[in-house]
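The values are calculated or read from the model by the stated rules, or taken from the named source; none is laboratory data. Computed from a predicted model, the values in this text were never measured in an experiment. As a convention, Cβ positions derive from the backbone with ideal geometry for all residues, glycine included, and neighbour counts pool all protein chains shown. Protein only, heavy atoms only, side chains kept; ligands, DNA and RNA dropped before computing areas. Shrake-Rupley method; radii C 1.70, N 1.55, O 1.52, S 1.80 Å.
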Amino acid sequence: MGLLDQKVVVVTGASSGIGEKTAEVLAAEGAKVVLAARRAEKLKAVEQRIIENGGEAFSVSADVSVREDCDRVVEETIAKYGRIDVLINNAGIGDKQMAITRCSDEWWRQIVAVNQDSVFYMTRAALVYMEKQGEGSIVNISSIGGVFANAGIAYSAAKAAVVAMTKNVAIQFAGKGIRCNAVCPGPTITPLLSKDELATFDQEFMKICNEHICRSVPKAEAVDQANAVLFFASDLSKAVTGQALVVDYGCNL
C-alpha cells in the first residue's frame, strides 16, 4: 500500500520542475493526482507518463493567478472525484533576482499574482470542501527567499506571505482535521535555474544575494522537494501543522 492510496491530490504548477516531480511521487504512492498548469501540452505529457507508470492522473489547464481558474480547478476535481484530500500549491515563477530599485510596478504585480494570490485563491476554494469532509492537508511551496529574503524583492515578499498564510490557515483549523504546512526549497535543479535562465537575472543583486548563501553545498533535486511534500501530504505528519520546512542542504546555516 502507498502512503496516499485513493487520496485525491491537486498539484498546481504540475507541468515542470518541482510540481512535475511531486505529481509523479504522489501518484506512485497511490494518489489520484489532478494536475493544473497553464501549458496544456506539457501538462498532458505529465499526465500520460503517470498513467503509463500505473498511476492515475487528470489534467486541468488553468492560470492559477486568476480566481475563476482556481475555482474551476476545484470544481472539476469535485465533479470527477467528489473530494479533495490534499492541495499542493506549487505554481510559481521566479523574479530574476530583481532588486527593489529596478522592480517595476508591472513586474511586482505579476510575481505577486502567480506566487501569492494563487495560494490564496486555491486554498480558499479547496477549504470549502475540506471543511465539509472534516479533513485535508494543504502543502504550500514557499522558498528560502521567503524565509531569508535572499532573492528578488517581489519573490521574497510573495514567498514570505506564503509562509504567513500557511501559519494563519493552520491556526484556524488546528485540531479540526485540516493541516497546512509549507516546504521552502533552496537552490534546486530545475529549468528555473538553468544557465540560460540565470543569464536573465539581475546580475548585480544576484551577486549580493549569493554572498549570503553557501555555494559549496550541493543543489537539491526536484525529488528532494517532492519527498518533503509527500511527508506533509501523508499521515506521516498527521500531528504537524503550521510548519515551514527548509530543504536546502544547509546553504543558509
Computed from every Cα-Cα pair in the range 1-42, P(r) in 10 Å bins starting at 0 and rounded to whole percents is 35, 50, 15, 0
Where a ≥ b ≥ c are root eigenvalues of the Cα gyration tensor, a/c under 1.5 meaning rounded, otherwise prolate if a/b exceeds b/c and oblate otherwise, the range 49-94 counts as oblate
To the nearest Å², the heavy-atom accessible area per residue of the range 209-252 with 1.4 Å probe amounts to 53 Å²
The pairs in K132/K159; K7/K167; K44/K159; K42/K167; K80/K219; K32/K96 lying past 26 Å Cα-Cα in this model are K132/K159; K44/K159; K42/K167; K80/K219; K32/K96
Across 10 Å bins beginning at 0, the whole-percent shares of Cα-Cα pair distances in the chain come to 8, 33, 38, 18, 3, 0
By accessible area (1.4 Å), largest first, E221, E20 order as E221, E20
Mean separation of Cα contacts under 8 Å (at least 6 apart) over the residue count of the range 71-135, i.e. the relative contact order in percent, is 51 percent
The answer for S59, listing residues at least 5 apart or on another chain whose modeled amide H is closer than 5 Å to its amide H, is L35
Ranking C180, A113, G17 by how far each Cα lies towards the positive end of the charge dipole of the chain (+1 on Lys and Arg Cβ, -1 on Asp and Glu Cβ), the top one is C180
For the range 122-253, the percent of accessible surface on carbon and sulfur atoms (probe 1.4 angstrom, ligands and nucleic acids excluded) is 58 percent
Averaged per residue, the 1.4 Å probe accessible area of the range 123-170, protein heavy atoms only, in Å², is roughly 34 Å²
Rounded to the nearest 10 Å², the accessible area of M130 using a 1.4 Å probe with every protein chain kept is 0 Å²
The size of the Cβ-based charge dipole (Lys, Arg +1; Asp, Glu -1) of the chain about the Cα centre, to the nearest 20 debye, is 320 debye
From highest to lowest solvent-accessible area (probe 1.4 Å; ligands, DNA and RNA excluded), C214, C209 read C214, C209
Net charge (Lys, Arg +1; Asp, Glu -1) of residues whose beta-carbon lies under 15 Å from that of I144, I144 excluded, is -1
